Amino acid sequence: MTNVIDLDAVRAGDRIALARCISQVEDQTQAGRQALSALFPFTGQAHLIGITGSPGTGKSTLTAQLAREFRQPPAGDIPQRVGILAIDPTSPFSGGAVLGDRVRMRDLAGDEGVFIRSMASRGALGGLSAATAAAASVLDAAGFGIILIETVGAGQDDVEIVRLAHTTIVVEAPDMGDDVQAIKAGILEIADILVLNKADLPGVARAERALRSALELADSNRPFNQGGGHHRAPLEHEPVFKTGWRVPLIKSIATSGQGTSEIHRAVLAHHQFLMDQKKWDAKNAERLTSELERSLREELYRTWQRTVDPHTYRQMLKQILARRVSPQQAAIDLLKQPKSSK
Ligand SMILES: Nc1nc2c(ncn2[C@@H]2O[C@H](COP(=O)(O)OP(=O)(O)O)[C@@H](O)[C@H]2O)c(=O)[nH]1
Ligand SMILES: [Mg+2]
């Protein structure tokens, strides 16, 4: 049997077992579902970090640098095992390109403590965000303390992936013509850490000014202590006791590694903040609640689907198309149908 998953090997971080397990989970096979359930008690340890922003801002390069920071922390700190989930199909993490000409990624590829997975396919799990959440759970149970999730900053999937992360890093770059768009799309409001990458390019000062004023605006629009786990950064004049998390703006040059240790420190500080404020637990509770609700919806639908008489269903559909019954009423009626004899 090819779809048997060796859970001990997965938990030990065996790469082949991990890759196989994530594939099964993505494809939602029976073995994949069972593996997820068996692994669940071992999850909840990892720090999930989302890295989002427009294409070309340097997310992949930055992700590789951050992975290195976690692998080679300052003396005294314990190196963490790092999982990387790349949603961007053009990511150099995808396919064989990991072994491409980028020195830092080649370094990572040879590191046993780093597991890289491209999530280009939607799988059968009902969307990229569900597949990503499942893959993150597998890595979490396998003892990867840090999970970096690179995602392109556009669309619904992206927002949901951000909801999955404990810490969200929004990456911008100068003269991309996109800072106004980013502000419009509200992407700054999801940032826990804002990075202005490509600080070696012209236009940095202007971009920095634009981002600072956008940050201030986002701060003033951000409800304090909102249930979503986001927290409003303080304005200059606010009393200390009201202080939440201040979204730092960090300039970096990902290609040379400049600024990446500062980003690493900001991530650690944010982790500490979440712990101190009990926001870590709140965030996890929120996520697990929505996972339960999604599973309930899927399971209810699957259960119902097994019982419905296809003929009745087709008849109902005809009624709807003829505008005799509304889809809402049809749903109620279909749910009332007695179980088919077969
Ligand atoms: N000049 C400069 N180029 C960078 C920097 N960071 C990344 N790049 C380059 O920008 C391009 C896009 O980087 P990538 O990490 O793939 O961006 P992504 O699409 O956001 O993941 C690559 O050619 C990188 O080498 C930087 O700080 N400065
Ligand atoms: Mg990328």
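The values are calculated or read from the model by the stated rules, or taken from the named source; none is laboratory data. Being a predicted model, the structure only gives us computed values, none of them experimental. Using ideal geometry, Cβ is built from the backbone for each residue, glycine included, and neighbour counts are taken over all protein chains shown. Side chains included, ligands, DNA and RNA excluded: accessible areas come from the protein's heavy atoms. Shrake-Rupley method; radii C 1.70, N 1.55, O 1.52, S 1.80 Å.
Which one is farthest from His264 (Cα to Cα), of the residues in region 188-210 that are open to solvent by less than 40 Å² (accessible area, probe 1.4 Å) and of a type outside the set (A, V, I, L, M, F, W, C)?
Top of the filtered list is Gly203.
Of the residues Glu262, Glu293, only one is open to solvent by 70 Å² or more (accessible area, probe 1.4 Å) and either under 30 Å from Pro73 (Cα atoms) or touching an Asp or Glu at 6+ places or on another chain (Cβ under 9 Å) (or both); which?
Glu262
Among the residues of region 266-311, count how many are in contact (Cβ under 8 Å) with a residue 60 or more places away in the chain and among the hydrophobic types (A, V, I, L, M, F, W, C).
Matching residues across region 266-311 total 4.
With the structure loaded, tell me whether Lys251 is more than 30 Å from Gly58 (Cβ to Cβ) and among the basic types (Lys, Arg) or whether it fails that test.
So Lys251 fails the test.
Hey, can you tell me all the residues within region 30-75 that are more than 18 Å from His270 (Cα to Cα), within 16 Å of ligand 1 (Cβ to nearest atom) and of a type in the set (Gly, Ala, Ser)?
Gly53, Ser54, Gly56, Gly58, Ser60, Ala64
Within region 245-259, work out how many residues are away from ligand 1 (no atom under 16 Å from the Cβ) and open to solvent by 20 Å² or more (accessible area, probe 1.4 Å).
Number of matching residues: 3.
This table checks each residue for (1) in contact (Cβ under 8 Å) with a residue 40 or more places away in the chain; (2) acidic (Asp, Glu); (3) in contact with a strand residue (DSSP E or B) (Cβ under 9 Å, 6 or more places away or on another chain).
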residue	(1), (2), (3)
Gly44	yes, no, no
Gly50	yes, no, yes
Ser54	yes, no, yes
Ile78	no, no, no
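Quick one: in region 25-57, which of the residues that are open to solvent by 10 Å² or more (accessible area, probe 1.4 Å) and within 16 Å of ligand 2 (Cβ to nearest atom) is farthest from Asn284 (Cα to Cα)?
Gly56
In this structure, is Ile78 open to solvent by 10 Å² or more (accessible area, probe 1.4 Å), at pLDDT below 95, within 15 Å of the chain's Cα centre (by Cα) and at negative phi?
Criteria not met by Ile78.
Given (1) open to solvent by 50 Å² or more (accessible area, probe 1.4 Å); (2) at pLDDT 90 or above; (3) under 22 Å from the mean Cα position of the chain (by Cα), identify the lone condition not met by Leu274.
Leu274 satisfies every listed condition except (1).
Under 6 Å between Cβ atoms, which residue pairs at least 6 apart in sequence (or on different chains) link something in region 56-68 that is assigned by TED's automatic domain parsing to the domain that holds Ala199 with a partner that is more than 8 Å from ligand 2 (Cβ to nearest atom) and in a helix (DSSP H, G or I)?
These pairs meet every condition: Ala64/Arg104; Ala64/Met105; Ala64/Leu108; Gln65/Thr260; Ala67/Leu108.
Against the conditions (1) more than 30 Å from Leu288 (Cβ to Cβ); (2) at pLDDT below 95, where does Ala130 fall short? Just the number, please.
Of (1) more than 30 Å from Leu288 (Cβ to Cβ); (2) at pLDDT below 95, only one is false for Ala130: (1).
Residue-wise test of (1) assigned to a loop (DSSP other than H, G, I, E, B); (2) within 16 Å of Thr167 (Cα to Cα); (3) aromatic (Phe, Trp, Tyr).
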{"position": "His270", "(1), (2), (3)": "no, yes, no"}
{"position": "Met275", "(1), (2), (3)": "no, yes, no"}
{"position": "Ala282", "(1), (2), (3)": "no, yes, no"}
{"position": "Ala285", "(1), (2), (3)": "no, yes, no"}
{"position": "Leu296", "(1), (2), (3)": "no, no, no"}
{"position": "Glu299", "(1), (2), (3)": "no, no, no"}
{"position": "His311", "(1), (2), (3)": "no, no, no"}
{"position": "Arg324", "(1), (2), (3)": "yes, no, no"}
{"position": "Gln329", "(1), (2), (3)": "no, no, no"}
